[in-house]
1. Enumerate the aspartates and glutamates that Lys176 could reach by cross-link, defined here as Cα to Cα under 13 Å, with residues fewer than 8 away along the same chain left out.
2. I'd like the trypsin sites (Lys or Arg not before Pro) in region 13-119 restricted to DSSP loop residues with at most 16 other Cβ atoms within 10 Å, sorted by number.
3. To the nearest whole percent, what portion of all C-alpha pairs in region 53-209 is separated by more than 19 angstrom?
4. Can you tell which of His187, Leu174, Phe144 lies farthest toward the positive end of the dipole of region 103-236, using +1 and -1 charges on the Cβ of basic and acidic side chains (Lys, Arg; Asp, Glu)?
5. Assuming R0 = 22 Å, what is the FRET efficiency of Val85 and Ala211, from their Cβ-Cβ distance, to the nearest 0.05?
6. How large is the dipole of region 6-109 about the Cα centre if only Lys and Arg carry +1 and Asp and Glu carry -1, each at its Cβ, rounded to the nearest 20 debye?
7. Please compute the alpha carbon radius of gyration of region 139-190, then divide it by the globular-protein estimate 2.2 N^0.38 Å. Two decimals is fine.
8. State to the nearest 20 debye the size of the charge dipole of region 70-157 about its Cα centre, where the only charges are +1 on K and R beta carbons and -1 on D and E beta carbons.
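The values are calculated or read from the model by the stated rules, or taken from the named source; none is laboratory data. All of these numbers come straight from a predicted model, not from anything done at the bench. Every residue, glycine as well, gets a Cβ built from its backbone with ideal geometry; the counts of neighbours run over all protein chains shown. These accessible areas exclude ligands, DNA and RNA; they are computed on the full protein's heavy atoms, side chains included. Shrake-Rupley method; radii C 1.70, N 1.55, O 1.52, S 1.80 Å.
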Amino acid sequence: MRERKDGVVAQETTKKSLRDQAYEELRDRIIDLRLSPGQRLVERDLAAELTISRIPLREALQMLEREGLVVIVPRQGAIVAPFTVADVRDLFDVRESLEVLAARLAAERATTADLAVLRDQLNAARDATARGDQAAIAAANAGFHAVIVEISGNPLLQSLLRPLESRVRWLFHLTKERDPGTQCEEHELLYAAIADHDPAAAAEIAYRHVASGREPSIALSEKWSMPAIDPVSATRTRQRTPQRDSMRLVRGEA
């Protein structure tokens, strides 16, 4: 395995296409809230800013739509997908099942090298917590969960969870107010169970960890969740949406 700069395990990569570069840039802007839920994505503006043509940009938007980060209205445009209370609840329903399985398998299959990568994620989260860097905390914590999925060594499970990785990272950014110290402690317990090769303990700790975040995350989502959006109407205006102003409050910019 090879560790990316953001801490998530990845395969060796070749030179990225313009489509992939645009996808990664826009994905990161959505996840770290530079682009807000419900905000219109104007193709000609983005193409000019990213210095690419509209064809790779549209391909990138389609990739983001498949991950649930963007809503595309045919022949009209696109917006950043809303992230509602129901979306948060649905995401936890899936995580409470599949991430528990990933933890169980990781405890069975983790190698010394795997554990070193997982420990690096814990150290990154501890360091970010000490600095009070909320964006880095969110990235490190999401990376910790992504590494466990890779360690599980189950290609089918990985294929099911990989499209959710961006939404989990997005959620972690939207819920940065959760106590990072508690999350670090829970991750330490999970790491210990995986390092001990104790599948039952790893599964139990993983479930408690994910479940403990459900209600706080749902409560926090009330602050940035928005009413149902009509994508057709949203793609007809170039004005910034009211949600963008509310997201500034979430980020502490007002």
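1. By straight Cα distance, Lys176 reaches Asp32, Asp133.
2. Passing sites in region 13-119 are Lys15, Lys16, Arg34, Arg75.
3. Here the tail beyond 19 Å accounts for 57 percent of pairs.
4. Leu174
5. It comes to 0.85.
6. About 360 debye.
7. After normalising by residue count via 2.2 N^0.38 Å, the value is 1.20.
8. The calculation lands at about 120 debye.
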